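S.K.: Take a look at the following structure, please.
The values are calculated or read from the model by the stated rules, or taken from the named source; none is laboratory data. Just so it is clear, the model here is predicted, and its values are computed rather than measured. Here Cβ is always computed from backbone atoms with ideal geometry, including for glycine, and neighbour counts include all displayed protein chains. Ligands, DNA and RNA are excluded from the accessible area calculation, which covers all protein heavy atoms including side chains. Shrake-Rupley method; radii C 1.70, N 1.55, O 1.52, S 1.80 Å.
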Amino acid sequence: MSETIFSKIIRKEIPADIVYETESVLAFRDINPQAPVHILVIPKLEIPMVSDIDGVEHASLLGKLFDAANLVAKNEGLAENGYRVVINCGKDGGQDVYHLHLHVLGGRKMNWPPG
Ligand code: 5GP
């Protein structure tokens, strides 16, 4: 699968409001926020979607993604009241950008079930 706009963000070819970065993970604010805090946490490795994850090969990277999600949530003041972490997978899952990403959403009460 070809690269997405997130690869350009990783390479700093297009701007993004980056809130956290390591050698393997990047977190930046969503351009179309759905909550007062809406941050995308992505691996720098191009994994298109959840169904492309290899639990063994990507285990360490997945741990780093969730560590980053929890850290940015804490930095944004979400730790006390909680937050939602969402991964859309594929067409029916509502995925638009085919580079694996965690949505970290918070700052308001989330609804369930999701739309
Ligand atoms: P998906 O629907 O694939 O789960 O989520 C993709 C997310 O990426 C959407 O929430 C969308 O607003 C966000 N997004 C798409 N293009 C850009 C961009 O160029 N910059 C930023 N910061 N977010 C983007």
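S.K.: On the accessible surface of the chain, probed at 1.4 Å, how many percent belong to carbon and sulfur atoms?
M.R.: Answer for the chain: carbon and sulfur cover 52 percent of the accessible area.
S.K.: Another one. Dipole of the range 5-106, Cα-centred, from +1 at each Lys and Arg C-beta and -1 at each Asp and Glu C-beta, to the nearest 20 debye?
M.R.: So the magnitude is around 180 debye.
S.K.: Counting only heavy atoms of the protein chains, get the accessible area per residue of the chain (1.4 Å probe) and round it to a whole Å² value.
M.R.: Value returned for the chain: 60 Å² of accessible area per residue.
S.K.: Straight-line reach from residue 44: which aspartates and glutamates have a Cα under 20 Å away, not including same-chain ones fewer than 8 places off?
M.R.: Within reach: 3, 13, 17, 21, 23, 30, 52, 54, 57, 67, 96.
S.K.: Any chance you could list P(r) for the range 5-106, counting all Cα-Cα pairs in 10 angstrom bins from zero, rounded to whole %?
M.R.: With 10 Å bins starting at 0, P(r) equals 15, 51, 32, 2.
S.K.: Dipole of the chain (Lys/Arg Cβ +1, Asp/Glu Cβ -1, origin at the Cα centre): which of 24, 94, 106 lies farthest to the positive side?
M.R.: With unit charges placed on the Cβ atoms, the residue in question is 106.
S.K.: Excluding residue 27 itself, calculate the net charge of residues whose Cβ lies under 15 Å from the Cβ of residue 27, where each Lys or Arg counts +1 and each Asp or Glu counts -1.
M.R.: My count for the surroundings of residue 27 gives -1.
S.K.: Given the DSSP H assignment, sum -39500 (n - 2.57) over each helix run of at least 4 residues in the chain and divide by its residue total; what's the result at 222 nm in deg cm²/dmol, nearest 500?
M.R.: So the helix-based figure for the chain works out to -6500 deg cm²/dmol.
S.K.: Can you give the angle from 0 to 90° between the axis of helix 59-75 and the longest principal axis of the chain, with both taken from C-alpha atoms, to the nearest 10?
M.R.: 30
S.K.: Right, here's the next one. Give me the Kirkwood hydrodynamic radius of the range 21-73, using the inverse of the mean 1/r over all pairs of distinct Cα atoms, in Å to one decimal.
M.R.: 11.9
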